[in-house]
Structure formats: structure tokens, C-alpha cells
Amino acid sequence: QVRLVESGGGLVQPGGSLRLSCVASGRILAVFGMGWYRQAPGEQREFVADISRDGDTKYADSIQDRFTISRDNAENTVYLQMNNLKPEDTAVYYCKSLVREVGRFDPRTRWGQGIQVTVSS
């Protein structure tokens, strides 16, 4: 079984920073694209950023250069550095990854359980 586990969330004041981490573990042969999504109360889950195994990145327009995604392939870990946080960034943040698992031919999409980020004074 492959698991994605997020960490680093919490409460921060507007203008502050947080760094989210997500580690993929289990019976993994390879980890391909990794990314972050978020879901605010009463809203649909939305794309935040993703990064390929080679380091190519994409970001949602709403991030406006405030967030940076990175990864450590050796550790099967993806990070999201969030700066100049705003109240509208408040949401549950989910990690997503495409993983080739032991015993399976096709890669599977895996999601983390989500972690709360609250931006409030």
C-alpha cells in the first residue's frame, strides 16, 4: 500500500509563511508527477501547483508567484513553500502523486489525507 502524508500546516497570520511537505511511502517503484491541490469550505477542490520528476513546474494563476513547489526525488517528497499568505489561501491542502507501485503495471494516482492551512489574524 502506498501512502502520501502531508505535514507543515497550521495557523498563520496574513503575510506569513508556511512550508508544506508530503512524503510518499510504501511499495513504490517510481514516483512521477507530484502536486498540491486545495479545498476551501463550500468550494470545489482546485489545482495549486505541480512538478514533474524532471522539475518542470506549473502553478495556478491565483498563486501569483507567492508559492514555490519543489521536490526531493531521493526521498519521494514534494514541498510547497507558501509566502505572503492571504486569508483566501485558507483551505485543506492535499498532496497528489502519480506512482508506479510494486505488483502493478500502470501508475496510479494517490492522494494524501489533507492538511489544514488557516490564514487569520
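The values are calculated or read from the model by the stated rules, or taken from the named source; none is laboratory data. Note that the structure is a prediction, hence the values are computed from the model and not measured. Cβ placement follows ideal geometry from the backbone for every residue including glycine, while neighbour counts extend to all protein chains displayed. The protein model used for the area step is the full one, side chains on, heavy atoms only, and it has no ligands, DNA or RNA in it. Shrake-Rupley method; radii C 1.70, N 1.55, O 1.52, S 1.80 Å.
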Protection proxy (average C-beta count within 10 Å per residue), highest first, orders 102-114, 72-84 as 72-84, 102-114
With only alpha-carbon atoms counted, please give the Rg and Dmax of region 21-62, in Å. 12.6, 37
Mean projected area in nm² (Cα convex hull; one quarter of hull surface) for region 33-99: 4.6
Work out, in µm²/s and without decimals, the Stokes-Einstein translational diffusion coefficient of the chain at 37 °C, 0.692 mPa s, Rh from Kirkwood over C-alpha pairs. 227
Net charge of neighbours whose Cβ lies under 15 Å from the Cβ of Gln39, counting Lys and Arg as +1 and Asp and Glu as -1: -2
Once both label points are put 7 Å beyond Cα along the C-beta direction, the Thr109-Ser7 separation in nm becomes 2.7
Could you please state how large a percent of the accessible area of the chain is carbon and sulfur, counting protein chains only and using a 1.4 Å probe? 44
Could you provide, to the nearest whole Å², the per residue accessible area of the chain with probe 1.4 Å? 55
